[in-house]
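Scroll down for the structure; my scribbles are underneath it.
The values are calculated or read from the model by the stated rules, or taken from the named source; none is laboratory data. Every value quoted in this text rests on a predicted model; they were computed, and no experiment measured them. Don't worry about glycine lacking a Cβ; one is built from the backbone with ideal geometry, like all the others, and counts go over all protein chains shown. Keep in mind that these areas ignore ligands, DNA and RNA; they rest on the heavy atoms of the full protein, side chains included. Shrake-Rupley method; radii C 1.70, N 1.55, O 1.52, S 1.80 Å.
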Amino acid sequence: MTTPRQRVTRLAPTPSGALHIGNARTFLATWALARHEGWKIVLRIEDLDLGRVKPGAREACLADLRWLGLDWDGRGSDGEPLVQSADLAPYRAALESLAARGLTFRCDASRSEIRNAASAPHAEDGETRYPPALRPPEPQRRTIDDRSGDWLANHRLRVDPAAETVSDELLGTHTFDPGLEAGDLVVWTKLGVPAYQLAVVIDDARQGVTDVVRGDDLLASAARQQIIARHLGLSHARWWHLPLVYGADGKRLAKRHGSHSLAALRESGVEVERVIGWCAWSLGFLPERAPLSARELVALAAAKSMREKARAARSNPTVFTDADLDWLQGA
Ligand code: GLU
C-alpha cells in the first residue's frame, strides 16, 4: 500500500509594501484551505524583484500575516521562510541547464521590459510580446560565462507558439499560447537575478509544493510556469486560482488604495475578526458580514466549498466599498 503524498502549499508574499485586504483574503483562504485539508504550509519571501522590494517591508509583511492569525510549518517551531535572495545558486544552476541545451539565449532588452519580467505579471500591468525577429539564429554559445558578463545580462527562453492547457481546481480548464502571447520569456535579468517565472518554478519544486493557491491574475503565468518546469524535468503543482478583490474604481485592489492596507486598518483599531469575517463573507462563506476567528474560518474552508464559493465569486466579483470599510471599523 502506498501512503498518499503529503500535500504542501505555500504563502509567497512579495515584500513590496503594505499588504491590503485583497492580499489578506487570498492568504486567509490559502491558509484555511490548507489547515482544513491537513496540507503543510511553507512560507517564501519573494524578494528578487529588486525594484519593488522596500527595506523593512519583509518584517511588516510577516507582522500582517501574524496579525491575521496565520502560521506556517517548516524548520523550527517558527517555520523559517525560504528567502529567495539568500541564495541564487539554485536559479543559476537552472539557467545553466537551460542554456546548455540551447533553450535560452542572451538578449538586450529595454529597462522597462526587464523590470516587468522581474515581477509577477498582474492583470493590468500589460506586456509586450518579444518579437520573434529579434531571436538570434542558432548556434549560440551554450555556457553562461562570467567574464562575458552573462550573469548580468538578460536571458530568454525560446517559446514557440503552441497551446498550453492549465487545469485549475477552481476555474476549470484554460488554454493559453505563451509563445503567441508573450513570445520568448525572460528567465534571467540583467540585475543579476532570475525573473519571477523561473524563480517560482524552482522554488515551488524545491519546497515540495503540490498545491499553488494564489490570485487568478496569475492564471496565464501558470501556463508559462508549466513550460519552464517541463524543460527542467520538474512536475508542476495543482493550481487553485482565487478571484481577486477590486477597488471601487474597478481595478484590482492594490497598494494605491492606501486606506485598505492591513497596517492602516490595524492601526485605526479594526478588529482582526472583522477582517477575517469580511473576507469569509465576500468569498461566500458567510451569509452576511460578521466577525469570525481564523479557527472558525478553517472549519468552513473545505476544498469542496472552496471550489463552489470561488466559482460563484468569480462570476460576481467582489468590490471593496466604503460601506465595507465602515463595517470593518465597527459601524
Ligand atoms: N509573490 C508573488 C506576488 O506577490 C506571488 C506569486 C505566486 O504566488 O506565484 O504576486
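Descriptive notes on the structure:
- Candidate set from segment 156-166 (those that are touching a residue at least 24 places away in the same chain (Cβ under 8 Å) and under 16 Å from ALA133 (Cα atoms)); member that is most open to solvent (accessible area, probe 1.4 Å): ARG158
- LEU325 being open to solvent by less than 20 Å² (accessible area, probe 1.4 Å) and closer than 21 Å to LEU65 by Cα: no
- In segment 1-27, the residue that is farthest from GLU80 (Cα to Cα) out of those that are out of contact with any strand residue (DSSP E or B) (no Cβ under 7 Å at 6 or more places or on another chain) and more than 15 Å from the ligand (Cβ to nearest atom) is MET1.
- Checking the stated criteria, LYS40 turns out to be open to solvent by 70 Å² or more (accessible area, probe 1.4 Å), touching a strand residue (DSSP E or B) at 6+ places or on another chain (Cβ under 7 Å) and away from the ligand (no atom under 12 Å from the Cβ).
- Near pairs, Cβ below 9 angstrom, 6+ apart or cross-chain, from segment 201-220 (at positive phi and in contact (Cβ under 8 Å) with a residue 24 or more places away in the chain) to any residue that is part of a strand (DSSP E or B) and of a type in the set (Val, Ile, Thr): GLY208/VAL8; GLY208/VAL42
- GLN6 fulfils the conditions (1) touching a Gly at 6+ places or on another chain (Cβ under 9 Å); (2) open to solvent by less than 40 Å² (accessible area, probe 1.4 Å); (3) closer than 24 Å to TRP239 by Cβ except for a single criterion, (2).
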